[in-house]
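The values are calculated or read from the model by the stated rules, or taken from the named source; none is laboratory data. Quick caveat: nothing in here was measured; it's all calculated off a predicted structure. FYI the Cβ positions are ideal-geometry reconstructions off the backbone, even for glycines, and counts take in every protein chain you see. Areas reflect the complete protein model, heavy atoms only, side chains present, ligands, DNA and RNA absent. Shrake-Rupley method; radii C 1.70, N 1.55, O 1.52, S 1.80 Å.
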Amino acid sequence: MNKHHFQFLLLAVGICGVLCAQSPPSSSNAAQIPIIDRPHAGEWITDINTGWRVHDGDDPAWARADFDDAGWQTVDLEDLGAARPGWRWHRLHVKLHENHPDLALLIEGGDGTYAVYANGTELPGPRIRSSFAVRRPAERALSIERVTGTDLVLALRTFTPAGYAAWRYPLFMTAALGTPEAVETQRLAIQGDRVNLALPSIAINLLLMLAGIGVFALYASQPKHSEYLWLGLYLFLLGAADLLWFSQQAGLVPISANFLIADPLLYAVTIAQIHFTFSFGSCRLGLWWRIYQALLIVPLVLIVLAWTGHFSSAIYLLIEAVILLPVALSLPILLSIWYWHGNKEAGWLILPSLLPVATLSLYDIGSVSIFFGWHWLDFLDNPIPIGSVSLQPVDLGNLLFLLAIAVVIFFRFSRVTRERARATAELNAAREIQQRLVPASLPAPAGFRMEAAYVPAQEVGGDFYQVLEQRDGTVLIIVGDVSGKSLKAAMTGALAIGAIRALAVENLRPADFLARLNQQVLDAQDGGFITCLCARLEPTGAVTLANAGHLSPYRRGVEIPLESGLPLGIVPGVAYSETACQLIPGDKLTLLSDGVVEARNSAGQLFGFESTRAISTQSAAEIASAAQAFGQEDDITVLTIAHLAAAS
């Protein structure tokens, strides 16, 4: 460096020193006091986020305007970051224009976490409330009265509950001071942005709840289809849980509504989805799935711990995502397996079942990314713009699921309705046929009185009886019971009646009659069998009996021992044996179906043979009524033949 350069450098340093010496030392406190130099005329609003002083703890003296807070830390109110639990005070000194207008304060902070003081006087409105009533940051406009000078000291007394801090909400988002009209305009604008962002979510989840109620109506019309019950529960609870979640996100309901209601509901939603899927696929719930459902109790404990600040909310969200992920992955795989095994309807649910739980898990991962500062997964927590509205990924998944499941349930309900209509038509046809299986009236052979009682069960069965007078004066009596129910049983009974009437003209002995009838039934039907008792009653009271697997009759209250052959329609060429007995005047012969013996009460007890024997001497109507009152489960048929005493 030459001599001239060195001299120039000394001159520059000297000038700077003089200038610095002439400038007055700045007051650090004065530099941090916002000066709002606004006259009385006109509307205005200005941010007052900078220059706030903060101190941990709680002391009523900190509200006073003359309190010295010079030693407190200075912060920017809108840059506080996530709220920390506990008591804290914030103070701000504002210098106003000497001709300032009436003032209003706009605060956007955790609702229920703070109270506001102006020059030592608490302003009406915001209060520190119970942690169960605290809401996320929301805007408030507060009128500041009786500020006569140019000095304004604002103080914020705050308490952050653990449940509020768990969701990393900021304690305050913004603060502004201005004329009442300008502050109210700004408040309405912030409120509109906050609420309007949540409206699509609220609408979608209300739609889910209404859809759930609609599916309950389907279940009421088809109560045998439990998949409608589980789907209704799933939609209603899912809509309720997400409605509470996004309502608290918008500041419409307390944060506790999400912690203590919405989050636990998610696990009930998961259980409902599992049961719906297995019911829809007509599959039983396995042991491992039941164990998994039992494990869903564990996160409920973690919710309470996170709410009280004893467990990390970020880790809880990660656990929630992990524990719900098996449902998102396993159910579509199971549905695919069922589909390949022939359950075509299961294929309809593969994609819809993936959407709700998968989007919820992704949303949780996005929240965890924000909490841990990963950043590269933050987008999973962001709404998706669709036209003029924005939808949360969870809402989009739920909406797509609802649309898909509506199509699935429409086709399934239509199919089930058609099947029910076809089954009803078959049932009506079977009942019409069944009415022909019993004679409209009974013959009255000399010296005998015949009574019959027939009480069909709710479902059409195959009981029948016939009493046919023969040319030689004998009476052929047939009592039978077709295996199975509904139209097929009624059709088989009708075929048997036709064969019985055709064979009756041949005047066959009971054993031969059953052998021929057995072959007729084999030739005419496909599957099933018929138990049958054949009796031939002569005018003298002699009775010849042959039995094909039917209940033995009773005489004088005692069971007649019969050799029971195979029921009709099982194998060809069966030979049946005969048993003879004699009715004397005063005797009663009782023939009946197993609907009497197999009547069952509410405790599961059978009416049984002993009770049947005990009432076998009563009239046909009394026997049938006793079995029906005990607990009818099958058709009841009773036929009695009383040998009358000769007239004197």
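A few points about this structure:
- Set of lysines with alpha-carbon distance to K344 below 23 Å, sequence-local pairs under 8 removed: K224
- Across segment 102-108, coupling constants 3J(HN,Hα) worked out from phi with the 6.51/-1.76/1.60 Karplus curve, θ = phi - 60°, read 4, 10, 9, 10, 10, 10, 10 Hz, and Gly and Pro carry x.
- With every protein chain in place, segment 202-351: carbon and sulfur % of accessible area (1.4 Å): 77
- Dipole magnitude for segment 499-616: about 280 debye, using +1 per Lys or Arg Cβ and -1 per Asp or Glu Cβ, origin at the Cα centre.
- In this structure H40 has an accessible area near 100 Å², from a 1.4 Å probe over the protein heavy atoms.
- Crossing angle, helix 226-249 versus the chain [Cα axis fit, 0-90 degrees, rounded to tens]: 10
- Relative to its Kirkwood radius, the Cα radius of gyration of segment 445-547 gives an Rg/Rh of 0.98.
- Estimated inter-spin distance, T540 and F67, nm [label 7 Å along Cα→Cβ]: 12.3
- Accessible area per residue for the chain is 47 Å², calculated with a 1.4 Å probe on protein heavy atoms, without ligands, DNA or RNA.
- For segment 568-648, the spread of Cα positions along each principal axis, largest first, Å: 49, 43, 18
- Segment 275-297 residues near the modelled N343 label - backbone nitrogen below 19 Å, point 7 Å along Cα→Cβ: 275-293
- For peptides 407-418, 551-562, 130-141, sequence by mean Cβ density within 10 Å, most packed first: 130-141, 551-562, 407-418
- Restricting the calculation to Cα atoms, every distinct pair contributes to the Kirkwood radius of the chain, found to be 33.0 Å.
- Backbone geometry of segment 550-563 corresponds, through the Karplus equation with coefficients 6.51, -1.76 and 1.60 at θ = phi - 60°, to 3J(HN,Hα) couplings of 9, 5, 6, x, 10, 10, 6, x, 10, 5, 7, x, 10, 7 Hz, x marking Gly and Pro.
- Centroid-to-centroid separation of segment 204-283 and segment 527-570 [C-alpha atoms, Å]: 59
- Each residue of segment 131-141 is assigned a 3J(HN,Hα), and the resulting list reads 4, 6, 9, 6, 10, 5, x, 9, 7, 9, 10 Hz, derived from the Karplus form 6.51 cos²θ - 1.76 cosθ + 1.60 (θ = phi - 60°), x at Gly and Pro.
- Convex hull volume of segment 495-648 per residue (C-alpha atoms, cubic angstrom): 125
- Principal axis dimensions, segment 77-195 - Cα atoms, whole angstrom, descending: 45, 30, 24
- C-alpha long axis of helix 313-340 to longest principal axis of the chain, angle in °: 30
- Linear extension gain, L199 paired with Q519, 0.36 nm per residue minus alpha-carbon span: 107.7 nm
- Charges were assigned to the Cβ only: +1 to each Lys and Arg, -1 to each Asp and Glu. The resulting dipole of the chain about its Cα centre is roughly 700 debye.
- Based on the Stokes-Einstein relation at 25 °C and a viscosity of 0.890 mPa s, and on the Kirkwood radius from alpha carbon pairs, segment 250-366 is assigned a translational diffusion coefficient of 160 µm²/s.
- Set of segment 536-569 residues, backbone N closer than 13 Å to the point 7 Å along the Cα-Cβ line of A446: 539-541
- Sites S414 and H310 - FRET efficiency at Förster radius 41 Å, r taken between beta-carbons, to 0.05: 0.20
- For the chain, the longest principal axis of the Cα atoms and the long axis of helix 350-372 meet at an angle of about 30 degrees.
- Placing a label point 7 Å from the Cα of A41 along the Cα-to-Cβ direction, the residues of segment 172-190 whose backbone N falls under 18 Å of that point are 179.
- For segment 188-335, the square roots a ≥ b ≥ c of the C-alpha gyration tensor eigenvalues yield an a/c of 1.5 or more together with a/b not exceeding b/c, which makes the shape oblate.
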